[in-house]
Amino acid sequence: MPLPKTPSFRLDGRRAFVPGGSRGIGLACAAALAEAGAHVVIAARGRAGLDDAVRQLTDAGYSAEGHVLDVVNLDATRGFLDVQAPFDILCNSAGMARHSPAQDTTPDDFDAVTDLNLRAAYFLAQRVALRMDGGGSIIQISSQMGYVGGVDRAVYCATKHGVEGMTKAMAIDWGPRNIRVNTVCPTFVRTPLSAKTLDDPVRRAWIEDKVKLPRLAEVEDIMGAVLFLASDASAMVTGSSLLVDGGWTAG
């Protein structure tokens, strides 16, 4: 029997779509996919940050382009995807949070967070999957909060628990077409968006108590997880979550 060979982590010749890819975790995901050889298409709501992200990627020698798109607008998203060549990889990093105690949640806050984190994520995955030819990989950037609760995070947790559930069901529905559907579930990652939380001594102490490793997470900690799920190295992985949480959910 010949010695088994490790499946490739390379993504040469593949097209990857990264909504929310202009900064933070999303830009790190885009960089990981592009570095592995994929042509990366980034979408974001703002032109300035989008252009800067694409410039960073192309200056590094990677193949990338950017488009202004609000994925909450389902008609615009469908129109955009229908004129694009099919994607082999979707890595959806578009998301938001409006934190407050559960008793203070307003309908506007609830609708805004669920519209982006759950509704848009659902129909984005649906549309990309419908046009995938010969299989592909759909990756939702979820959260450890899809498995646990958190202070002032009732709505956010609800959406991320929803993402985990829909991912499992989509994996069942689309498995016969060789479309794999998984999530990456980070802990708190050091980005400009998390700075307010991490700069709060009480919140930071809570985070450091929950994370079992002796440091906070960086965006680079997410890149390997995304590359694994996008590549042939995870060809038998679907309906799963890759928890990049420093042991938070271990207990």
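The values are calculated or read from the model by the stated rules, or taken from the named source; none is laboratory data. Because the structure is a prediction, the values reported are computed rather than measured. Heads up, the Cβs are rebuilt from the backbone with ideal geometry, glycines too, and the neighbour counts pull from every protein chain shown.
If you go through the stretch 143-167 and keep only what is of a type in the set (A, V, I, L, M) and in a helix (DSSP H, G or I), you end up with Met145, Ala154, Val155, Ala158, Val163, Met166. Being crowded, with 18+ Cβ neighbours inside 10 Å and either without any contact (Cβ under 8 Å) to a residue 12 or more places away in the chain or among the charged types (D, E, K, R) (or both) holds for only one residue in Arg190, Arg215, Arg180, and it is Arg180.
Selection of the stretch 173-192 for residues being closer than 16 Å to Gly134 by Cβ and either in a loop (DSSP other than H, G, I, E, B) or not hydrophobic (A, V, I, L, M, F, W, C) (or both) yields Gly175, Pro176, Arg177, Asn178, Arg180. Please tell me if Ala120 is assigned to a helix (DSSP H, G or I), among the small types (Gly, Ala, Ser) and at negative phi. In short, yes. Inspection of the stretch 19-29 identifies at least one residue that is free of Cβ contacts under 8 Å to residues at least 60 places away in the same chain and either of a type outside the set (Gly, Ala, Ser) or surrounded by 18 or more Cβ atoms within 10 Å (Cβ to Cβ) (or both).
Does Thr77 count as of a type in the set (S, T, N, Q), surrounded by 14 or more Cβ atoms within 10 Å (Cβ to Cβ), modelled with pLDDT of 95 or more and within 18 Å of the chain's Cα centre (by Cα)?
Numbers: of a type in the set (S, T, N, Q): yes; surrounded by 14 or more Cβ atoms within 10 Å (Cβ to Cβ): yes; modelled with pLDDT of 95 or more: yes; within 18 Å of the chain's Cα centre (by Cα): yes.
For Thr77, the condition - of a type in the set (S, T, N, Q), surrounded by 14 or more Cβ atoms within 10 Å (Cβ to Cβ), modelled with pLDDT of 95 or more and within 18 Å of the chain's Cα centre (by Cα) - is met.
Exactly one residue among Ala16, Ala43 is in a strand (DSSP E or B), touching an Asp or Glu at 6+ places or on another chain (Cβ under 9 Å) and under 19 Å from Asn182 (Cα atoms), and that residue is Ala16.
Per-residue answers, yes or no, for (1) without any contact (Cβ under 8 Å) to a residue 60 or more places away in the chain; (2) under 17 Å from Cys29 (Cβ atoms); (3) of a type in the set (D, E, K, R):
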site: Arg119; (1), (2), (3): yes, no, yes
site: Phe123; (1), (2), (3): yes, no, no
site: Gly136; (1), (2), (3): yes, yes, no
site: Met145; (1), (2), (3): yes, no, no
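Scanning the stretch 45-73 for residues that are farther than 21 Å from Pro192 by Cβ, surrounded by fewer than 17 Cβ atoms within 10 Å (Cβ to Cβ), under 20 Å from the mean Cα position of the chain (by Cα) and not polar (S, T, N, Q) returns Glu65, His67.
Look at the stretch 92-108: where a residue is without any contact (Cβ under 8 Å) to a residue 40 or more places away in the chain and a partner is buried (at least 18 other Cβ atoms within 10 Å of the Cβ) and part of a helix (DSSP H, G or I), sitting 6+ places away or on another chain with Cβ atoms under 7 Å, you get Met96/Val113; Met96/Leu116; Met96/Asn117.
Here's a check for you: in the stretch 220-251, which residue that is β-branched (Val, Ile, Thr) and not in a helix (DSSP H, G or I) is surrounded by the fewest Cβ atoms within 10 Å (Cβ to Cβ)?
Initial filter on the stretch 220-251 (β-branched (Val, Ile, Thr)): 222, 226, 237-238, 244, 249.
Imposing the further condition that a residue be not in a helix (DSSP H, G or I) reduces the set to 237-238, 244.
On the way: Val237: 15, Thr238: 21, Val244: 20.
Restricting to residues being β-branched (Val, Ile, Thr) and not in a helix (DSSP H, G or I), the top hit is Val237.
Would you confirm whether any residue within the stretch 167-186 is out of contact with any Ser or Thr (no Cβ under 7 Å at 6 or more places or on another chain), on the phi > 0 side of the Ramachandran plot and not acidic (Asp, Glu)? For the stretch 167-186, residues out of contact with any Ser or Thr (no Cβ under 7 Å at 6 or more places or on another chain), on the phi > 0 side of the Ramachandran plot and not acidic (Asp, Glu): present.
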